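Notes follow the structure.
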Amino acid sequence: MNARAVIVWDLPTRAFHGLLLVLVGAQYASGEFGWFDLQWHLYAGYATLALLLFRIVWGFIGSDSARFSAFLRGPATIFAYLRGTHAQAATHNPLGGWSVLLMMTVLLAMSLAGLASSDDIDVFGPLVATLDEASVRFATRWHHRLADALLWLIALHVAAVLWQEWRGSRLVGAMLHGRRTLDAAAPRIVSNTRAVVVLLLSAAAIYALLYWASR
C-alpha cells in the first residue's frame, strides 16, 4: 500500500487535547502563581473532570484511533518497538500510549482529590463539608503531590514528542490537523454528533456530582 495522508486523530480527540492543555495551564496559573481568583481554579477542575470522563468514554466508543485498544499494547509489542522492529503506529507508539494513560490517571486522581481539598482560607472543595479534618488534609496533601508529579510527566511527554518530531514523526502537526502520512489503511472516524452527546452527558454527570456534594 502506498503511503498517503489520512485522518488519524478525529476532531473530538484533538479538541480534548487542546482544551485540556488550556484547563491544566489555568489551574497551575491560579493555584501556583495566583494569576486568577482561586474560584476559577475550582471551575477549571470541574471542567477537567468532565473532559476526562468524556475521554474515558470516548476511549471505548469513539473513532478507532481514539480507542484505548488502538494504542495500549502488551509487553511483546513494547519490546518490539524498543528493538526497532515494530511497524509505524498510526497514533501513539507503544510507550507513548501508556504514558498518555498514566497522565490521564494522575490528572483524574488529582482532580478528584481537589474536590476534597481546602486552603483553610477561602477555597473549599465541594466535598470538604462532608469530611473530617484529617481526610481533608490527606486529600489536600495528595492534590499537591499529584500536581507536582503531573508536571514531571508533562515534561517527559513534551520531551518525547520533541524527540519524535526530530526523528520525523510530525506528531505536533498531526495533532493540530489530524492527518499523518501512513502506509496503512485509514482508521474509522465516527460522527462528531456522538462526541457532542458524550460530552454533554459527561458534563451532566459531573454537575450531578457537584449538586449532590453541595446538599
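State all residues of segment 118-156 that are of a type in the set (S, T, N, Q) and surrounded by fewer than 17 Cβ atoms within 10 Å (Cβ to Cβ); if no residue qualifies, say none.
If the condition is that a residue be of a type in the set (S, T, N, Q) and surrounded by fewer than 17 Cβ atoms within 10 Å (Cβ to Cβ), then THR130, SER135 are the ones that fit.
Determine the pairs where a residue that is more than 19 Å from VAL123 (Cβ to Cβ), located within segment 15-31, has a partner that is surrounded by fewer than 19 Cβ atoms within 10 Å (Cβ to Cβ) with Cβ atoms under 7 Å apart, the partner being 6 or more residues away or on another chain.
From residues that are more than 19 Å from VAL123 (Cβ to Cβ), the pairs are HIS17/MET175.
Assuming ALA129 fulfils every condition listed in (1) touching a helix residue (DSSP H, G or I) at 6+ places or on another chain (Cβ under 6 Å); (2) in a helix (DSSP H, G or I); (3) of a type in the set (A, V, I, L, M, F, W, C) apart from one, which condition is it?
It fails just one condition, (1).
In segment 20-37, which residues are buried (at least 16 other Cβ atoms within 10 Å of the Cβ) and not β-branched (Val, Ile, Thr)?
Matches in segment 20-37: LEU20, LEU23, ALA26, GLN27, TYR28, SER30, GLY31.
For the list (1) polar (S, T, N, Q); (2) in contact with a Gly (Cβ under 8 Å, 6 or more places away or on another chain); (3) over 30 Å from SER117 (Cβ atoms), I need the number of the one condition that GLN27 fails.
Result: GLN27 fails condition (3) only.
Based on what the data block shows, is TRP58 closer than 27 Å to ALA208 by Cβ, aromatic (Phe, Trp, Tyr) and in contact (Cβ under 8 Å) with a residue 12 or more places away in the chain?
Judged against the criteria, TRP58 is a match.
Is it fair to say ARG167 is at pLDDT below 85 and basic (Lys, Arg)?
So ARG167 passes the test.
The values are calculated or read from the model by the stated rules, or taken from the named source; none is laboratory data. Please read these numbers as outputs of a predicted model, since none were measured by experiment. So basically every Cβ, Gly included, is an ideal-geometry build from the backbone, and we count neighbours across all protein chains shown.
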